[in-house]
Structure formats: structure tokens, C-alpha cells
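Single-structure report; data block below.
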Amino acid sequence: MTDPDVLPSSFRDPSGFVFRREGILYRQVNRSFQESFDALLSSGLYDALTGDGLLIPHEEAGEPATDEAYRVLRPEPIPFVSFPYEWSFSQLKDAALATLRIQSLALDHGMTLRDASAYNIQFRDGRPIFIDTLSFEPWTEGQPWVAYRQFCQHFLAPLALAAFADIRLLQLLRTNIDGVPLDLAARLLPGAARRRLGIRLHVVAHAKSQRRHQGDAEAPSRGRSFSMRAFRGLLDNLTSTVRALSWSPGRTTWSSYYEEADHYSDEAFERKRSLVDRFIGETSPASVWDLGGNIGVFARIASERGIPTVCFDLDEAAVEANYRRVREQAERQLLPLVLDLTNPSPALGWAGAERPSLAQRGPVDLALALALVHHLAIGNNVPLQRIAAYFADLCEGLVIEFVPKEDEKVRTLLATREDVFPDYTEEGFERAFEERFAIGSKEPIEGSARTLYLMKRR
């Protein structure tokens, strides 16, 4: 038996940890957590949550990683692990509501969540699901919700900032992996937000309470009795506050990209769709990433084949529209995420290792890079050789579109700047990518000046 590979994100909890052995993911439950783990199973909560699709199911299997083990679990794998700073508004909102629903069901079974981190949620089959089996413990009458502050920082504060101030403030979760500080959120929220009772109570007043009791030797709730009725009232108020938050993305250049498209004739668009479908069929990938996938038009060619597909885009409105469709159509294989390829998700957390970068979550079997390279090379001054090198870190196979300078979209990019891109030609593109990839197919997109390539990493 090989030595276990303990996940860097799993060192903080003394009750257990997650590890890999021979490529399989396991969770060890330490003996110190035996009582709470047994209560989770015997109370019926585990069956209730897994039955509702709210908690990742597991089976008991595998050898212990250390002699502290009480149980070793093999949880159902998640196809792609994403993080809160990559989610759309509605994804974060759905994750918040799922967390509150889980806590409510836990109370029904005499249990409670001891933490409410957004990192305990992943998306599987288009829905949020809780992944930390060791977050549950028996609830004692009078005990307040110990995860209340964490819930407000990880969910309520960023949602309120996005709804009332600016959607880009969701990116505060990237620089604050323990959640958005409530005092910061309170300062940034406009008056309209402060007039909402739930926001005033759970963010503004909560922040003031934190400042008032900062440095206290005892928690401010010590000595106070927190009844079941009060707990239920807190959860109901948090739920109604979250439900009332909304964000209307409106129309952006990218969210309406296909509706107002003048860069393709109908013939060219259908030719491109047919080629992408053919290339996916030829490669039979087990997983696909669509880099710059907008609202998921081409990503769905893969996901509708039953292939787990992640669709990335930098435009929050496009990702929001994509996720809403996933939810409305109950799509199971497509995961929309917010990502700027010029500044992709880095490795974060303790020692830069708790949350892996995008590249560390790869390589994917097949990546789509459609109508993307000209934005990177000309719009963002990234040399073609560097684009090819980074894509080689991300994927084994690549479907990529080259858009030449005579294309209207490239002419638009060059209209207000000097053309300092002499190597941006079809020959220069092929030369740069052939250093990292072998070109398998090269097909013109009839009705346009564009070309679609199928490549394999060297």
C-alpha cells in the first residue's frame, strides 16, 4: 500500500482529513471525532441529507492513513473542484441557501453545523452539495450557532455587496479566503442595503458587535441561553434575507454575444458547431474545459454527450445566464464558472497550497479555445508562445480557433492602437503552437476567414 497524499486544504481540522492513495480520494475520521460521527449516522441525519442530495455520500473503505483513525470513508468524487471566488451570484446564493437548509435539517435530528464555510460546498449535477462529513456535531440546548459569523462572512456579506454595490466585489472572496470581513462589508454597503432589516442585523450590527467585543476573554454569547426557537428564528431570518437578495446582470457585450453576433454568417456558425462536434467525437474526452465559453453554446456540445464540462468566462453576466440555464434545464454535466484567463485562479491559502490553481486542477482531456486567442494576443498583449505554453499546462488536447487580422473583430481591436503584432499571422500562430502541440486537423470555417484546429499536447 502506498503512502497517503494528504490534501493541503485538510490540515486545519483535528477531527480528520482528506487524502489520496493510488489516485483514490478518502476521508479519515479520527478517534477524537468518533462520538459526533456516530451521532451523524445514528440520528438519521446522514440518510436525510444524502437522500435530498445535500451531502456527498460515502462508503466505508480503504486503509487508515494514521493510527489515529476511527473510520476511513471513500466519498463520491466531485468531477471538478471549484471555489467561491469562481462562482456566479446565483451559485453563491444557492450555496448559501443549501447551507441554511442543511443546518435546519441538522436541528431536526439534534445536530448542528460547527462550521459554515463556502469551501464545504461544491457543485455536482448542476446543484450545490455539502462535502464535509465532519462538520456535524450534536447540538446542546442553549448553545448558539458557532458557525453564524462564518456564514455571514462567506455568504451573506459578499452577496449583499454584489446585490447592492458591485458584482465585482465577489472577488473579495479571492483575497479573503476566510470570508469578507463584516466591518469592511458594512463600510462598503450603501444606504439602501442598510435599510434592509436582515442586512442591518446580520452584517452592520454584527460587525459592531465584533468590534465591541474584540479582545474579550469570553465570547459575547457566554452565559446566554440560545433556545431551539431562537435558533429556528435565526435560520428563518437568514434564509429570508438571502432569498431577498438579487442581481440583475442586464446585457453586456459578452452576455449578448451570440444574440447580436455579426462576426459569423449562419453558414459559418453551423460549420464551426459541426467541426467542434466532430473534434469532440474524434477525441472522446473524459472531461472538457471551455476557456472563454461565454453562455455555454459550444460547451453544451460536450456536456450533452454526457461529458463533464466546465465552462469558464470572465463576464459575470454571461456566467450568471449560463448557470441559470443549467438550473432551469436541470443540466447535470455543465459547470459555469467565472475566470479571467489573463489572471487565472492562483494557488491560495497557507503556504500557497490550500486552494490549488486552475492549472493544478488539470490537465483536462480536452480544452476548447474558441474566438479567444486574438483577445489574449492582441487585446492583452500576451505573446502567442506564452499562450501556447500555458494551454499546454491546462490540457492534453485542444480545439482552438485562429481569427486573422482581416477579421472584423481583430480590426476592431486594432482600431485604436498601433499594430505591434507582426507574428500574429496564421504561420506565426502555427509556429508558436507547434512547439507545444502536434496539429492533428486544420479546417477552415467556411463563410469566414477563421480556421479551427485540433491539436494534441506533445
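The values are calculated or read from the model by the stated rules, or taken from the named source; none is laboratory data. Computed from a predicted structure; not experimentally measured. Heads up, the Cβs are rebuilt from the backbone with ideal geometry, glycines too, and the neighbour counts pull from every protein chain shown. When the accessible area is computed, the model is the full protein with side chains, heavy atoms only, and any ligands, DNA or RNA have been set aside. Shrake-Rupley method; radii C 1.70, N 1.55, O 1.52, S 1.80 Å.
Annotations for the structure displayed:
- Some residue of region 152-174 being assigned to a loop (DSSP other than H, G, I, E, B) and polar (S, T, N, Q): no
- Verdict on Leu73 being open to solvent by less than 10 Å² (accessible area, probe 1.4 Å) and touching an Asp or Glu at 6+ places or on another chain (Cβ under 8 Å): yes
- As a summary of the residue check, Val29 satisfies the conditions (1) part of a strand (DSSP E or B); (2) open to solvent by 20 Å² or more (accessible area, probe 1.4 Å); (3) of a type in the set (A, V, I, L, M) except for the one numbered (2).
- Test: residue in region 156-177 that is within 28 Å of Asn30 (Cβ to Cβ) and either open to solvent by less than 40 Å² (accessible area, probe 1.4 Å) or of a type outside the set (Phe, Trp, Tyr) (or both): yes
- Within region 48-63, considering residues that are surrounded by fewer than 18 Cβ atoms within 10 Å (Cβ to Cβ) and more than 26 Å from the chain's Cα centre (by Cα), the one farthest from Thr99 (Cα to Cα): Glu63
- Of everything in region 444-458 that is within 16 Å of Gly397 (Cα to Cα) and touching a helix residue (DSSP H, G or I) at 6+ places or on another chain (Cβ under 6 Å), the residue that is most open to solvent (accessible area, probe 1.4 Å) is Arg457.
- When Phe155, Phe123, Phe164 are screened for being over 22 Å from Phe37 (Cα atoms), touching a Pro at 6+ places or on another chain (Cβ under 7 Å) and among the aromatic types (Phe, Trp, Tyr), only Phe164 passes.
- When residues of region 88-115 are limited to those that are under 22 Å from Arg12 (Cβ atoms) and outside any helix (DSSP H, G or I), the one most open to solvent (accessible area, probe 1.4 Å): Arg114
- When Thr342 is tested against (1) polar (S, T, N, Q); (2) within 25 Å of Leu173 (Cα to Cα); (3) modelled with pLDDT under 95, only condition (3) is not met.
- Output for region 344-378, where each listed residue is open to solvent by 20 Å² or more (accessible area, probe 1.4 Å), part of a helix (DSSP H, G or I) and closer than 28 Å to Leu334 by Cα: Ala359, Gln360, Arg361, His375
- Out of Glu304, Glu316, Glu328, sole residue that is crowded, with 17+ Cβ neighbours inside 10 Å, out of contact with any His (no Cβ under 9 Å at 6 or more places or on another chain) and not hydrophobic (A, V, I, L, M, F, W, C): Glu316
- Scanning region 405-422 for residues that are touching a residue at least 40 places away in the same chain (Cβ under 8 Å) and surrounded by 13 or more Cβ atoms within 10 Å (Cβ to Cβ) returns Asp407, Lys409, Phe421.
- Residues (under 19 Å from the mean Cα position of the chain (by Cα) and aliphatic (A, V, I, L, M)) located in region 130-159: Ile131, Leu156, Ala157, Leu159
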